[in-house]
Amino acid sequence: MEVTTADYMYLITPCPESLQNMNTTALVLIYIIVFCLSLLGNTVVIFVVFYMENRRTSTDVYLMHLAIADLLFSLTLPFWAAYHHIGHWPFGSIMCKLLSGMQEATFYCCVFLLACISVDRYLAIVKATQFLNQKRYLVGTVCALVWLCAIFLSIPIMVNRDAFAPLGMELVCHDNVTVESMDNWRLSLRILHHTLGFFLPLVVMMFCYGFTICKLCSSRNSQKQKAMRVILCVVLAFIICWLPNNITELLDNLMRAEKVMETCKLRDGIDVALYVTQAMAFTHCAINPILYAFIGKKFRNHLLTSLFKKGLLGREVMSKYRVGSVHSSGSTRYTSVTL
């Protein structure tokens, strides 16, 4: 991912340094808020799904891995917040590579898992099959393959990202490649990133959720209608958070590869857009727990039950806020514990 592209732009052309005096306080605050919300929300999701024991569905397993990936992704945000705040990279080259690779790997993992969830819901609702629930080892295999693919795809970032001081300036954490060598190779790598990391998973999600919504619309069951609303929120959140960032980064890479005519005005606009769209994209790791968990009464019931069993919640409080039964939300063929 392009974490600090805007910080490096001024080194390529003699355009005015329009971002030099840009106030990054708001950006830093957003990173810290997202970090705190993601840490809390994803930890709760992991806690609840982990203690579900034999009641876990295939979707719940994907959700737990998604929460782990979102949690690891959010752990990098305080470092980028510090980077933006002090104006240079203070953590060294190894941390630059590790954090960049970790962020890239968890990004891929999140997107791939979202696609897996859409396929799982498609199979459960449209095809009315519980094959994956019956073959639980396959779900674990799929999750393992997702993590391996994500780590593999993050290797180029770890190799090329470095902490260095260009032209005698302060340290930056960025791709350490010369202008001459970044053209076709770097453009191809970034197009692969946008294709595998956004557009292809989006196509899978739109296909699966499109048929799923059609199936749910033909049903008058209220529980299925609630599931449809959750699905729409999931797709919209994914598009709203990541589409602007992917378009902006694609334009940035096309401009740097001289496929799009570069002007100082265009560069200034893209630099500002990179800050804004990256902040929007990073909020997705905090939104996921809300979309997949906190709007569902089944999740709240399982959370309250888990806290009660651990002695962290009294019976009166649990009875007051618990809605119905943990198992009373309709057929598990259509919903997991969180959807």
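The values are calculated or read from the model by the stated rules, or taken from the named source; none is laboratory data. Quick caveat: nothing in here was measured; it's all calculated off a predicted structure. Here the Cβ positions follow ideal geometry from the backbone for every residue, glycine too, while neighbour counts run over all protein chains shown.
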Can you find even one residue in the stretch 247-264 that is of a type in the set (S, T, N, Q), buried (at least 17 other Cβ atoms within 10 Å of the Cβ), closer than 17 Å to T24 by Cβ and without any contact (Cβ under 8 Å) to a residue 40 or more places away in the chain?
no
The residue that is farthest from the chain's Cα centre (by Cα), considering only those in the stretch 73-89 that are of a type in the set (G, A, S) and surrounded by fewer than 17 Cβ atoms within 10 Å (Cβ to Cβ), is G87
Scanning the stretch 132-149 for residues that are more than 20 Å from F207 (Cα to Cα), assigned to a helix (DSSP H, G or I) and modelled with pLDDT under 80 gives N133, Q134, R136, Y137
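Matching residues to (1) surrounded by 20 or more Cβ atoms within 10 Å (Cβ to Cβ); (2) touching a helix residue (DSSP H, G or I) at 6+ places or on another chain (Cβ under 8 Å); (3) at pLDDT 85 or above:
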{"site": "K127", "(1), (2), (3)": "no, no, no"}
{"site": "I151", "(1), (2), (3)": "no, yes, yes"}
{"site": "P156", "(1), (2), (3)": "no, yes, yes"}
{"site": "H174", "(1), (2), (3)": "yes, yes, no"}
{"site": "H194", "(1), (2), (3)": "no, yes, yes"}
{"site": "F198", "(1), (2), (3)": "yes, yes, yes"}
{"site": "V203", "(1), (2), (3)": "no, no, yes"}
{"site": "M206", "(1), (2), (3)": "no, yes, yes"}
Sole miss for L66 among (1) in contact (Cβ under 8 Å) with a residue 60 or more places away in the chain; (2) surrounded by fewer than 19 Cβ atoms within 10 Å (Cβ to Cβ); (3) out of contact with any Ser or Thr (no Cβ under 8 Å at 6 or more places or on another chain) is condition (2)
- Item | Residue in the stretch 90-109 that is farther than 30 Å from A165 by Cα, modelled with pLDDT of 90 or more, crowded, with 17+ Cβ neighbours inside 10 Å and not polar (S, T, N, Q) present | yes
Exactly one of D162, D60, D120 is in contact with a helix residue (DSSP H, G or I) (Cβ under 8 Å, 6 or more places away or on another chain) and assigned to a strand (DSSP E or B), and that one is D162
